[in-house]
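K.L.:
Provided herewith is a single structure, encoded as structure tokens, for subsequent inquiry.
The values are calculated or read from the model by the stated rules, or taken from the named source; none is laboratory data. No experiment lies behind these values; they were computed from the predicted model shown. Here Cβ is always computed from backbone atoms with ideal geometry, including for glycine, and neighbour counts include all displayed protein chains. Surface accessibility is based on the protein's heavy atoms, side chains included, excluding ligands, DNA and RNA. Shrake-Rupley method; radii C 1.70, N 1.55, O 1.52, S 1.80 Å.
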Amino acid sequence: MIEEKRIGVFICRCGNNIGDVVDVPYLVDEIKSIPEVVYTEENYYTCSEEGLNSIKNMIYEKNLNRVIVAACTPRTHEWLFQKVCEEAGLNKYLFEFVNIREQCSWIHSTEKEKATEKAKNLIKMGISKAKLLKPLKDIRSEIYPSALIIGCGIAGITAALNLANQGIQVHIVEKENICGGLLTEINKLYQTSLPASNFLDEKIKNLIKNRNINIHLKSQVKDVSGYIGNFEVLIQNEKKIKTIKAGVIIVATGALELKPYGLYKYKEIDGVITQLELEKMLKYNSFKAESVVVINCVGARNEVRGYCGRICCITSLKNSIIIKEMNPDTEVYILYRDIMAYGRELENYYKKARKIGINFIKYSPDNLPEISLNEETIDVYVLNEITGKGINLQVDYVILTTPLIPADDNTELSKKLKVPLTNDGFYLEAHQKLRPVEFANEGIYLCGTARYPSNITETVLQAYAAASKASIPVKKGYVETSGNIAYCDEELCSGCGNCFFVCPFEAISIKKDAENKTKPEIIGIKCRCCGLCVSVCPDGAMQQNSFSDKQILSMIKTMDE
Amino acid sequence: MEKKDFEPQILVFACNWCSYAGADLAGISRLQMPVNFRLIRVMCSGRVKPELVVKALTSGVDGVLILGCHPGECHYLNGNYYTRRRGIILKSLLEYMGIESSRFKIGWVSASEGYKFSEIVKEFVKEIKDIGPLNL
Ligand code: SF4
Ligand code: SF4
Ligand code: FES
């Protein structure tokens with residue numbers, strides 16, 4: 001019996017992201033007259049509570065047996081809409097996603113009419129595929145009950161302790177020969193004014209004591225294979241290479257302080273140092289000065305590095321306050337572009353800096369301060385942007401506040417993990433708001449400054465979040481992998497064995513059928529849904545339910561002339 | 001049709017793991033591209049049966065672009081090596097059929113290469129405009 005298709009199409013405006021470019025009401029009008037489409041609506045945000053409820057209600061009310069959402073990218077939202085379909089009793093494989101944001105409104109934002117027509121066509125292509133979808137069942141597999149954490153800074157340590165205290169085996173891979181990361185170089189933490197070492201030493205002690213944690217120092221990740229529940233990670237130290245099995249992976253590789261070579265005579269004049277270099281001197285009590293200039297936004301918010309270092313303003317306040325409190329007679333000048341003191345506590349911190357007599361001078365990026373060496377002191381000339389007057393200062397130290405930058409090996413490691421980086425070179429999470437501490441690739445999580453400069457509080461919060469997310473599949477004990485596995489139509493299969501040879505995961509074995517003919521047998525749990533076998537089958541016998549030849553061809557046929 | 005008014009229809013296949021993510025990043029970065037292309041997501045570039053490319057070109061599409069992870073980085077280990085090897089044979093098959101082989105192209109775009117995605121697409125649209133419509 002041919003099932004009657006009852007298709008529901010939900011078109012998302014994504015606030016202004018889609019709605020400002022694509023004419024959504026027009027799309028609704030056009031789409032609703034397509035045969036077998038029984039319901040069409042637009043949503044301000046389809047992924048909002050309201051949008052999701054509407055999908056559920058319409059599945060009941062209109063008896064939908066195919067649901068299409070035309071919105072953003074399946075890489076971030078597919079699971080959500082699939083879940084909603086399941087909740088309303090519709091098999092999640094009968095859901096089809098059409099991307100009209102990344103694939104349309106965002107990249108054709110100046111050609112509104114054409115973008116609208118393209119969106120219409122993309123939805124039609126989705127409808128033609130959806131008609132051919134079949135219900136499938138996910139496959140359950142066991143999870144290897146351990147976690148691998150890359151990086152043993154405060155993010156990695158926090159995540160490790162969290163997981164280990166839940167009884168999960170943890171491996172930490174750290175390329176240096178000590179634990180603690182950047183924090184080992186930091187003098188005091190801001191606001192509390194407590195030495196960073198108090199806080200860090202305690203954590204490291206717990207880490208070493210914990211029986212569930214294995215620390216691999218001076219080790220690097222060589223290769224990563226596998227998938228959620230079943231990763232195999234090759235790590236190498238000076239002596240040997242070993243394989244670690246892990247169910248989940250957390251990236252906590254941290255970041256580096258920018259060393260501003262070529263700017264403000266850094267490394268040319270002795271007293272020109274970075275904040276981190278200052279921290280070290282403060283920590284070992286070797287810093288003495290009668291006057292200092294701090295320059296903020298060095299190497300940040302410019303053409304080379306467009307981003308704001310986020311935590312550097314506060315770092316500059318912290319160290320200036322420490323210097324001033326050590327010796328109230330020390331003159332401290334902060335040359336800034338803007339002071340980013342976010343939140344109530346940090347705003348108070350800024351006020352405190354002003355109150356104790358730290359001088360703030362605003363400079364413009366078009367008129368950078370100038371540094372030159374005098375006999376005993378360093379001369380700084382700065383044009384005060386507010387008063388328009390030039391100021392000459394003689395100081396003992398010039399402290400450059402530079403942003404955190406991505407670690408050197410992000411590119412290499414991101415390729416091994418198959419996760420994306422931002423244009424700036426930091427790791428890119430699956431979704432800023434919905435999935436902020438994980439990647440689109442299941443089973444890999446992210447926290448700390450590997451993602452973006454963040455302070456200790458934020459880093460620790462992210463580490464807790466990443467650890468608790470990562471513990472879900474491990475605690476559950478199983479993962480469900482896609483049901484979109486290969487299947488063979490034995491009537492069509494000539495038994496050539498191509499599929500058996502091509503499968504990268506040994507997911508196909510050869511059996512004899514009742515008539516003693518050779519036929520492939522798919523081992524569902526091993527199949528990773530790549531579709532390679534489908535592409536080499538000369539008889540079209542091997543197919544994949546959610547990417548079948550028929551579906552792809554129907555999409556091609558639906559493409560506009 | 002005058003070549004200069006010709007708006008080709010381009011089909012892009014992109015693998016789920018690298019190239020589709022690269023396309024997402026191009027979108028997030030708001031990189032502007034010509035509207036001519038339609039993207040079909042597949043799990044691996046190696047899923048694209050040569051037959052699909054031929055069928056597309058013989059049913060109104062002017063150019064087909066397959067994008068996958070960089071060689072050595074396929075999520076499924078060696079899927080894109082199949083893509084590459086088959087691509088060579090497919091090109092000669094197209095010539096044999098009387099279709100310019102440059103109407104078919106393979107490219108490697110990683111998840112962090114949003115810019116590269118937009119450049120490849122723009123370049124390919126331009127190349128196909130230069131070749132002109134496919135009249136079989
Ligand atoms: S889809 Fe890929 S993993 Fe599954 S059986 Fe085919 S070749 Fe093997
Ligand atoms: S490739 Fe196709 S015809 Fe050959 S054994 Fe596999 S399913 Fe059968
Ligand atoms: S998964 Fe990208 S080419 Fe195979």
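K.L.:
With a cut-off of 13 Å, note down the residues of segment A:278-305 whose backbone N falls inside the zone around a label point 7 Å from the Cα of A:ASN384 toward its beta carbon.
P.N.:
No residue passes the distance filter.
K.L.:
To continue, here is another question. What is the average number of partner chain Cβ atoms found within 10 Å of a Cβ in A:68-74?
P.N.:
Details: counts 0, 0, 0, 0, 3, 7, 4.
Counting Cβ atoms of other protein chains within 10 Å of each residue's Cβ and averaging gives 2.
K.L.:
Search the structure for amide H atoms under 5 Å from the amide H of A:THR481, placed 1.01 Å from N in the peptide plane, and list their residues when 5 or more places away or on another chain.
P.N.:
Amide H neighbours of A:THR481: A:ILE139, A:ARG140, A:SER141.
K.L.:
Where does the charge balance sit around A:ILE361 when Lys and Arg score +1, Asp and Glu -1, over other residues with C-beta under 14 Å from its C-beta?
P.N.:
Numbers: positive: A:ARG337, A:ARG354, A:LYS362, A:LYS389; negative: A:GLU331, A:ASP338, A:GLU370, A:GLU385.
Neighbour charge sum, excluding A:ILE361 itself: 0.
K.L.:
Taking the alpha-carbon distance from A:LYS62 and a cut-off under 18 Å, which lysines remain once sequence neighbours fewer than 8 residues away in the same chain are dropped?
P.N.:
Of all the lysines, those that pass the test against A:LYS62 - Cα under 18 Å, at least 8 places apart if same chain - are A:LYS5, A:LYS32, A:LYS92, A:LYS131.
K.L.:
Provide the packing ranking of A:222-228, A:488-494, A:459-465, A:378-384, i.e. peptides ordered by the mean count of other C-beta atoms within 10 Å per residue, highest first. Write out the running numbers ahead of the final one.
P.N.:
Values: A:222-228: 16.3, A:488-494: 14.3, A:459-465: 21.7, A:378-384: 18.9.
Result, highest mean first: A:459-465, A:378-384, A:222-228, A:488-494.
K.L.:
Something else now. With +1 on each Lys and Arg Cβ and -1 on each Asp and Glu Cβ, and nothing else charged, work out how big the dipole of segment B:1-71 is about its Cα centre, in Debye to the nearest 20. Intermediate results must be reported in sequence, preceding the final value.
P.N.:
Numbers: 8 positive and 6 negative charges, 40 e Å.
It works out to roughly 200 debye.
K.L.:
What is the magnitude of the charge dipole of segment A:62-219 about its Cα centre, with +1 placed on the Cβ of each Lys and Arg, -1 on the Cβ of each Asp and Glu, and no other charges, expressed in debye to the nearest 20?
P.N.:
On the way: 23 positive and 15 negative charges, 136 e Å.
Its charge dipole is roughly 660 debye.
K.L.:
Taking θ = phi - 60°, what integer Hz values does the Karplus form 6.51 cos²θ - 1.76 cosθ + 1.60 yield along segment A:45-57, in sequence order, with x for Gly and Pro?
P.N.:
9, 5, 7, 6, 3, 4, x, 5, 4, 5, 4, 4, 4
K.L.:
A follow-up question, please. At most 15 other Cβ atoms within 10 Å and a DSSP loop assignment: could you name the GluC sites (Glu not before Pro) in segment A:119-182 that fit?
P.N.:
A:GLU176
K.L.:
Averaged per residue, what accessible surface does segment A:1-76 expose to a 1.4 Å probe, in Å²? Mind dumping the intermediate values first?
P.N.:
Working: 3500 Å² over 76 residues.
With the other protein chains kept in place, segment A:1-76 gives 46 Å² per residue.
K.L.:
If amide H atoms are built 1.01 Å from N in the plane of the peptide, which residues on other chains or at least 5 residues away come under 5 Å of the amide H of A:ILE215?
P.N.:
Those lying under 5 Å, H to H, from A:ILE215 are A:ILE172.
K.L.:
Can you sort A:ASP29, A:ASP138 by solvent-accessible area, 1.4 Å probe, largest first?
P.N.:
Working: A:ASP29 90, A:ASP138 40 Å².
Ranked from most to least accessible, the order is A:ASP29, A:ASP138.
K.L.:
Counting other Cβ atoms within 10 Å of each Cβ, which GluC sites (Glu not before Pro) in segment A:262-318 have at most 13 and sit in a DSSP loop? Present the calculation step by step, with values, prior to reporting the outcome.
P.N.:
Details: sites: A:GLU268, A:GLU277, A:GLU279, A:GLU290, A:GLU303; in loops: A:GLU268, A:GLU290, A:GLU303.
When the GluC sites (Glu not before Pro) of segment A:262-318 are filtered for loop state and at most 13 Cβ neighbours within 10 Å, A:GLU268, A:GLU290, A:GLU303 remain.
K.L.:
Provide a whole-number value for the mean count of partner chain Cβ atoms within 10 Å of the Cβ atoms in peptide A:294-303.
P.N.:
On the way: counts 0, 0, 0, 0, 0, 0, 0, 0, 0, 0.
What the average comes to for A:294-303 is 0.
K.L.:
Once ligands and nucleic acids are excluded and a 1.4 Å probe is used, how much of A:LEU217 is accessible, expressed in Å² to the nearest 10?
P.N.:
Accessible area of A:LEU217: about 60 Å².
K.L.:
Based on DSSP H runs of at least 4 residues, each adding -39500 (n - 2.57), what is the mean residue ellipticity at 222 nm of chain B after dividing by all its residues, to the nearest 500 deg cm²/dmol?
P.N.:
-12500 deg cm²/dmol
K.L.:
Can you tell me how segment B:6-131 classifies by the Cα gyration tensor, rounded, prolate or oblate, using a/c under 1.5 as the rounded cut?
P.N.:
Numbers: a/c = 2.04, a/b = 1.14, b/c = 1.79.
Note, shape of segment B:6-131 comes out oblate.
K.L.:
Run the accessible area of the protein assembly as shown with a 1.4 Å probe and give the carbon-and-sulfur part as a rounded percent.
P.N.:
Values: 15110 of 30370 Å².
Carbon and sulfur atoms account for 50 percent of the accessible area of the protein assembly as shown.
K.L.:
Given +1 on the Cβ of Lys and Arg, -1 on the Cβ of Asp and Glu, and no further charges, what dipole in debye does the protein assembly as shown carry about its Cα centre, rounded to the nearest 20? Before the final figure, lay out the partial values.
P.N.:
Values: 87 positive and 84 negative charges, 317 e Å.
My answer is approximately 1520 debye.
K.L.:
For A:ILE11, list long-range residues whose amide hydrogen, built 1.01 Å from N in the peptide plane, is under 5 Å from its own amide hydrogen.
P.N.:
A:GLU41, A:GLU42, A:ASN43, A:ALA70
K.L.:
Go through A:SER54, A:ASN43, A:ALA88 and say which Cα lies farthest out towards the positive end of the charge dipole of segment A:7-136; charges sit on Cβ, +1 for Lys and Arg, -1 for Asp and Glu.
P.N.:
Looking along the dipole axis, the top candidate is A:ALA88.
K.L.:
Can you give the accessible area of A:CYS499, probe radius 1.4 Å, in Å² rounded to 10?
P.N.:
The accessible area of A:CYS499 comes to roughly 10 Å².
K.L.:
Now a separate question. On C-alpha positions alone, give me the angle between the axis of helix A:549-558 and the longest principal axis of chain A, in degrees, nearest 10.
P.N.:
Here the helix axis deviates by roughly 80 degrees.
K.L.:
With an 8 Å cut-off on Cα pairs and a minimum separation of 6 or more residues, tell me the relative contact order of segment A:478-557 in percent.
P.N.:
Relative contact order here is 38 percent.
K.L.:
Segment B:69-136 to segment A:359-423: how many Å between their Cα centroids?
P.N.:
Segment B:69-136 and segment A:359-423 have Cα centres spaced 44 Å from each other.
K.L.:
Can you check what the net charge comes to around A:LEU133, using other residues whose Cβ is under 9 Å from the Cβ of A:LEU133 (Lys, Arg +1; Asp, Glu -1)?
P.N.:
Numbers: positive: A:ARG66, A:LYS129, A:LYS131, A:LYS134; negative: A:GLU96.
Combined, the nearby Lys, Arg, Asp and Glu give +3.
K.L.:
Additional query: Quick one: Karplus J couplings for segment A:399-406, per residue in order, coefficients 6.51, -1.76, 1.60, θ = phi - 60°, nearest Hz, x for Gly and Pro?
P.N.:
Karplus values, whole Hz, x for Gly and Pro: 9, 9, 8, 10, x, 6, 10, x.
K.L.:
Hey, another quick one. Checking an interface number: how much accessible area is buried between B and A, summed over both chains, with a 1.4 Å probe, in Å² rounded to 100?
P.N.:
Summing both chains' loss of accessible area gives about 4500 Å².
K.L.:
Let me ask you something else. Output wanted: per-residue J couplings in Hz (rounded whole) for segment A:33-39, from phi through Karplus 6.51 cos²θ - 1.76 cosθ + 1.60, θ = phi - 60°, x for Gly and Pro.
P.N.:
Going residue by residue, I get 8, 6, x, 6, 7, 9, 8 Hz, with x marking Gly and Pro.
K.L.:
Keeping all protein chains in place, calculate the accessible area per residue for chain B (probe 1.4 angstrom), answer in Å².
P.N.:
On the way: 5200 Å² over 136 residues.
Solvent-accessible surface per residue comes out at 38 Å².
K.L.:
Just read off the accessible area of A:ILE358 with the full protein assembly in place, 1.4 Å probe, to the nearest 10 Å².
P.N.:
For A:ILE358, the solvent-accessible surface is approximately 10 Å².
K.L.:
Considering only the other residues whose Cβ falls under 13 Å of the Cβ of A:ASN327, what net charge follows from Lys and Arg at +1 and Asp and Glu at -1?
P.N.:
On the way: positive: A:LYS288, A:LYS324; negative: A:GLU290, A:GLU325, A:ASP329, A:GLU331, A:ASP396.
Charge balance in the 13 Å sphere: -3.
K.L.:
Counting residues in the protein assembly as shown as N, plug N into 2.2 N^0.38 Å and put the Cα Rg over that result. It would help to have the intermediate numbers written out before the result.
P.N.:
Values: Rg = 28.8 Å, N = 697, 2.2 N^0.38 = 26.5 Å.
Normalised Cα radius of gyration, the protein assembly as shown: 1.09.
K.L.:
Quick one: grab the alpha carbon gyration tensor of segment A:7-136, order the square roots of its eigenvalues as a ≥ b ≥ c, and give me rounded if a/c is under 1.5, else prolate or oblate depending on whether a/b is larger than b/c.
P.N.:
Cα axes put segment A:7-136 in the prolate bin.
K.L.:
While we're looking at this one, here's another question. Rounded to the nearest whole Å², what accessible area per residue is found for segment A:144-242 with the 1.4 Å probe?
P.N.:
Values: 4670 Å² over 99 residues.
Heavy-atom SASA per residue in segment A:144-242 reads 47 Å².
K.L.:
For peptide B:43-55, compute the average count of partner chain beta-carbon atoms within 10 Å of each residue's beta-carbon.
P.N.:
Numbers: counts 11, 8, 4, 9, 11, 5, 8, 2, 5, 5, 1, 0, 5.
Mean partner-chain Cβ count within 10 Å for B:43-55: 6.
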